[in-house]
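**Q** Got a structure here, written out as C-alpha cells. Questions coming.
The values are calculated or read from the model by the stated rules, or taken from the named source; none is laboratory data. Owing to the predicted nature of the structure, the values given are computational and were not obtained by experimental measurement. Note that we place each Cβ from the backbone using ideal geometry, even for glycine, and neighbour counts take in every protein chain shown. For accessibility, only protein heavy atoms count, side chains too; no ligands or nucleic acids. Shrake-Rupley method; radii C 1.70, N 1.55, O 1.52, S 1.80 Å.
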Amino acid sequence: MNHNIFNKIIVCSALMATGLTSCDYLNVVPAEQATIEDATRKKELTLGYLYSCYSDLNNWNPVNYMNEDVASTDEYVLPSHWNPTAYQIQNDQRSSDDGGNWFWRHCGYDGIRTCYLFLDAVKTAPGLTDEERRTWSAEAQFLIAYYHFMVLRKYGPCPIIDHAYDVNTMASEVPGRSHFDAVVKFIIDKLDNEAIPDLPNRYTGGNWGRADKVIAKAIKARVLLTAASPQWNGNTMYETGPMKWENGKGGWETPEYGKQLVNPVYSEQKWKDARNACEEALNFARSQGLELYEKSDFEELKEVPENQKEFMKYVLRMRYAVMSRPNSKDNCQEQVWGLADQSSTLFASLPRNIVEKADGTWTTGWGGIAPTLNAVKQFYTKNGKLPEEDSEFYSKSEYYKLAGEEILENEPSFGGWLDADEVIKLNTMREPRFYAWIAFNGGEYGVHLVSEQNPFICYMRYSDYQGYRGEQDYSYTGYLCQKWAHPALSFTANGDNSENNTAPRPLIRMAELYLNLAECEAALEHTDAFLSAINPVRRRAGIPELKSSDITPSKTATDWVRSERFVEFYGEGIRYYDVRRWLEGKKYFGGPYTGLNVGTTKDPSVANFNQETIIVRYENVKWNDRSYLSPLYFNEVDKSDTMIQCPGY
C-alpha cells in the first residue's frame, strides 16, 4: 500500500541518518551543508527531506504493545518479559538509570532539530513554487509544535527549542525546562501563526497523513485540553514537600515565570480556551467531510440470526471503525490522523493454536495481550452503564457463574456457537464494543478466523487450545484483545492469511474530537452541551443516549465522559495520558490488577478457572506520584548546566 506519507518516510529518513549519533537531546549532528544542499537540489529530494521530518512519529505507535505508554495501564497485561519498561512502570521500578524508551529524544528533540534544518534548507531549495514553499514550511512548523507536545505531556515542563542549535553549543547556553504554561503558549502560537494559516484544509489520497488544518486544529484542541486538566490546572503537588519542583540550576529561569514550573492556581479560563478549541476542531473536521463511522449494511450480517442483526450491526461497525482505511470504498472518514506502521500487535493479540495444518504444526498467534478484569468491568452493559451501576445486570456474586443455554440463546454471535459450558455471566448482556474488541472463554474471536469453518471459539481453560501450558507466553487473565483483528481476517487450512489489511493505526479519531469537547463541557457544567457532544459517540456505538437525569452528584458528567473515554479508546494509547492528566493514578493504576484464575495449573476446572484473582507476576503493581512524569536519563541531567530531573527520581 502506498496511500499515505508514512509508507514513504522509512526510506526518506535515511537522508538524516548520519545525524543520530549522540544521547544528548540537542546534540543531533546535522548533515553537512553540502549534504543538505544535495538533499534539496531537486523538488523530489526536497519533498523527501520533508518526509524525513515526519519519521520520528513512527517511534510512538499508539497501539504497539512494545510502547511503554500503551502497555503500562490497567487496560491489559503482557507476559512480563515482553515489555520490561512497561512492567517497570506498573511496579514503580522506573529509575533515572534507564529512562525507558527515551521518547525525550526519539519522539521529540531529534525531530525538532530535523524540522528546523529543513526550514533553513527549504528557503532556497530550487524548483518549488511559492505555495509549495509555504505549505511545506507550515508542515515542519506543525511538527515542531507536535514534537514539543509529545515531550511536554510525558516529561512535563521542557526546554523550548526555537532554532537548530550548533553541535558545539556550550552546555551553559542550552535552555533548561520552561514553565508548563510557557511551553503551551509556544506550541499554540506556532500552530496558530506559523502552521495553520498555510496548511491545506485536508490532504487526501496519496498525501493522507501529512499535516493539514484538520489535524493541526485537532492537536491544538488536545494540547489545550491537557493544559486545562487537573495535572496542570490548580495542581499544588509540586509546591512543597518531597515533590517540590522548581528551576534554579545554573541560574536558569523562565522569563516572566521565574523558577516556578507549574502554576498551582486553578483557572476556569483554561477550560474555556480548551472548549473553544475543541469545538472549532470538531466543526472544522466535519466541514471537511469527516464524521463518526456509522455504516450499517455489512456482508457478515447475512450469517447472523434475525433477532440479533440489529445488535451485531453495532459490533461490526465498531470493528470496522478502527480497521477501515481512510477514503476507502466504504467512505470511512473516522480517522483524523494515523500511522501506517502495523507493528506486531495483531499477532500478539491473536489466539494460539488457530488451525492445525496437514503437517501437524499449528498456525498460531501469540495470545499474550490479555485484557484485565479491571478493564472488562469498565466496559458497559447493554444499557450503557457500568456493570456495578446497572440494576438490571447481575449482582457481583453472580459474575463468575456460568450463563447457561437460556441466556446464551439471546447473546449476540455470528452463528450461535457460544459454549454454554464455558461462558460466564460477566461476559453476557454487554455493550457492542465489548463484543467487538474483547474475546473471552467460550466466545468468538473474529468472524471466520478459520476460513470455511464455523466462528472460532476461544477455549482459554484448555492447554491444547488457548489456555495455559506451563510456559511464560500465554494470556495471564483468560481474556484476549481482538480490536486490531480485521473482521475479514481469515486463515486457510494451510495457514495462509487471506486478509492483508493495512489500515493506519489511529493517532486521532473523530470520536476523540467529540469526547474532548464533552469533557470540556462537563468541566464547565454545561449539561446540554455536554449531552450534545457525548451522545453521538454513544449512539454510534449502539448504547442508550444519556439524559440530564443520568447526571447526579454520585455520577457526574465528568465521571460519564471518563468512563466513555476508557471504552471508546481502549488500547489506543490514550489511557496512559488521560489518567495522568486527571491525577487519578492511584485510583486506576495502583493495583491490584486481576484476571481469571490462570497460570497456576493446566486445564483447571470451570469453578477453579472462573475466579477473580490477582494476576500472576503482577502481584506488586503499585502507584507512586512520581509516575505522573517520566524521568530523564541521569547523564542528561548531569552534563547540563541548567537541566533538572523530574521530581521523585
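**Q** Can you compute the charge dipole magnitude of the chain about its Cα centre, using +1 on each Lys and Arg Cβ and -1 on each Asp and Glu Cβ, nothing else charged? Give it in debye, rounded to the nearest 20.
**A** In debye, rounded to 20, the chain gives about 520.
**Q** Compute the acute angle (0 to 90°) between the alpha-carbon long axis of helix 213-228 and the principal axis of greatest extent of the alpha-carbon atoms of the chain; round to the nearest 10°.
**A** Helix 213-228 sits roughly 90 degrees off the main axis of the chain.
**Q** Further, regarding this structure: Round to the nearest 0.05 the FRET efficiency obtained for K123 and N168 when R0 = 30 Å and r is the Cβ-Cβ distance.
**A** The computed FRET efficiency comes out at 0.85.
**Q** Segment 500-573 to segment 277-346: how many Å between their Cα centroids?
**A** 16 Å
**Q** Another question about this same structure. Please work out how much length the chain gains when fully extended from E389 to A420, using 0.36 nm per residue of separation minus the C-alpha to C-alpha distance, in nm with one decimal.
**A** Additional length available on full extension: 8.6 nm.
**Q** A further question follows. For segment 340-349, just list the computed ³J(HN,Hα) in residue order, Karplus coefficients 6.51, -1.76 and 1.60, θ = phi - 60°, integers in Hz, with x standing in for Gly and Pro.
**A** Running phi through 6.51 cos²θ - 1.76 cosθ + 1.60 with θ = phi - 60° gives 6, 4, 7, 6, 10, 4, 4, 5, 5, 8 Hz.
**Q** Right, something else. Quick one: dipole size for segment 242-317, taken about the Cα centre, charges +1 on Lys/Arg Cβ and -1 on Asp/Glu Cβ, in debye to the nearest 20.
**A** About 400 debye.
**Q** Enumerate by residue number the GluC sites (Glu not before Pro) in segment 215-270 meeting two conditions: DSSP loop (anything except H, G, I, E, B), and at most 15 other Cβ atoms within 10 Å of the site's Cβ.
**A** Taking segment 215-270 and a limit of 15 other Cβ atoms within 10 Å, the loop GluC sites (Glu not before Pro) found are E239, E256.
**Q** Grab the DSSP H runs of the chain that are 4 residues or longer, score each as -39,500 (n - 2.57), total them, divide by all residues and round the 222 nm result to the nearest 500 deg cm²/dmol.
**A** Mean residue ellipticity at 222 nm (helix-derived): -9500 deg cm²/dmol.
**Q** Right, something else. If you count, for each residue, the other Cβ atoms within 10 Å and average over each peptide, how do 45-51, 168-174 line up from highest to lowest?
**A** In descending order of packing, they fall as 45-51, 168-174.
**Q** Measuring from label point to label point, each 7 Å out along Cα→Cβ, what is the T527 to S95 span in nm?
**A** Between T527 and S95, the simple spin-label model gives 5.3 nm.
**Q** With the crude spin-label approximation of a point 7 Å out along Cα→Cβ, what separation in nm comes out for T556 versus E37?
**A** So the label points at T556 and E37 sit 6.2 nm apart.
**Q** A further question on this structure: Could you grab the relative contact order for segment 120-228? Cα pairs under 8 Å, six or more apart, rounded to a whole percent.
**A** Once normalised by length, the contact order is 31 percent.
**Q** Can you flag which of K217/K272; K154/K483; K154/K213; K220/K244; K154/K220; K244/K272 are past 20 Å Cα-Cα?
**A** From the list (K217/K272; K154/K483; K154/K213; K220/K244; K154/K220; K244/K272), the Cα-Cα distance tops 20 Å for K154/K483; K154/K213; K220/K244; K244/K272.
**Q** I would also like to ask the following. Whole angstrom only: what separates the Cα centroid of segment 34-80 from the Cα centroid of segment 105-126?
**A** About 14 Å separates the Cα centre of segment 34-80 from the one of segment 105-126.
**Q** Of K259/K639; K357/K382; K302/K357, which pairs sit farther than 32 Å apart, going by alpha carbon to alpha carbon?
**A** Check vs 32 Å cut-off fails for K357/K382.
**Q** Same structure, new question: Less than 9 Å Cβ to Cβ from P62, Lys/Arg counted +1 and Asp/Glu -1: what total charge do the surrounding residues give?
**A** Once all neighbours under 9 Å are counted, the net charge is -1.
**Q** Here is a follow-up. Given Cα pairs under 8 Å that are at least 6 residues apart, what percent is the relative contact order of segment 260-341?
**A** 28 percent
**Q** First compute the accessible area of the chain with a 1.4 Å probe, then give the percent of it belonging to carbon and sulfur atoms.
**A** 47 percent
**Q** Roughly how many Å² is the accessible area per residue of the chain, as a whole number, for a 1.4 Å probe?
**A** On a per-residue basis, the chain sits at 37 Å².
**Q** Let me ask something else. Can you give me the distance in nm between label points at N624 and K302, each placed 7 Å from the Cα along the Cα-to-Cβ direction?
**A** Going from the N624 label point to the K302 one covers 5.9 nm.
**Q** Then there's this: Rank H179, H448, H486 by accessible area, highest first, at a 1.4 Å probe radius?
**A** From most accessible down to least: H448, H486, H179.
**Q** Then there is this: Between [x] 41, 28, 25; [y] 45, 32, 24; [z] 53, 35, 22, which matches semi-axes √(5λ) of the Cα gyration tensor in Å calculated for the structure shown?
**A** So the calculated entry is the one marked [x].
**Q** Follow-up question, since we're still on this one. What do you get for trypsin sites (Lys or Arg not before Pro) in segment 415-447 restricted to DSSP loop and a cutoff of at most 14 other Cβ within 10 Å of the site's Cβ?
**A** Taking segment 415-447 and a limit of 14 other Cβ atoms within 10 Å, no loop trypsin sites (Lys or Arg not before Pro) are found.
**Q** Just to confirm the number: angle between the C-alpha axis of helix 268-287 and the first principal axis of the chain, 0 to 90 degrees, nearest 10?
**A** Between the helix axis and the principal axis of the chain, the angle is about 70 degrees.
**Q** Can you pull out the trypsin sites (Lys or Arg not before Pro) in segment 223-309 whose DSSP state is coil and whose Cβ has at most 15 other Cβ atoms within 10 Å?
**A** K244, K259, K295
**Q** Enter the angle in degrees (range 0 to 90, nearest 10) between the Cα long axis of helix 43-53 and the first principal axis of the Cα atoms of the chain, meaning the one along which they spread out most.
**A** That helix lies at roughly 70 degrees to the long axis.
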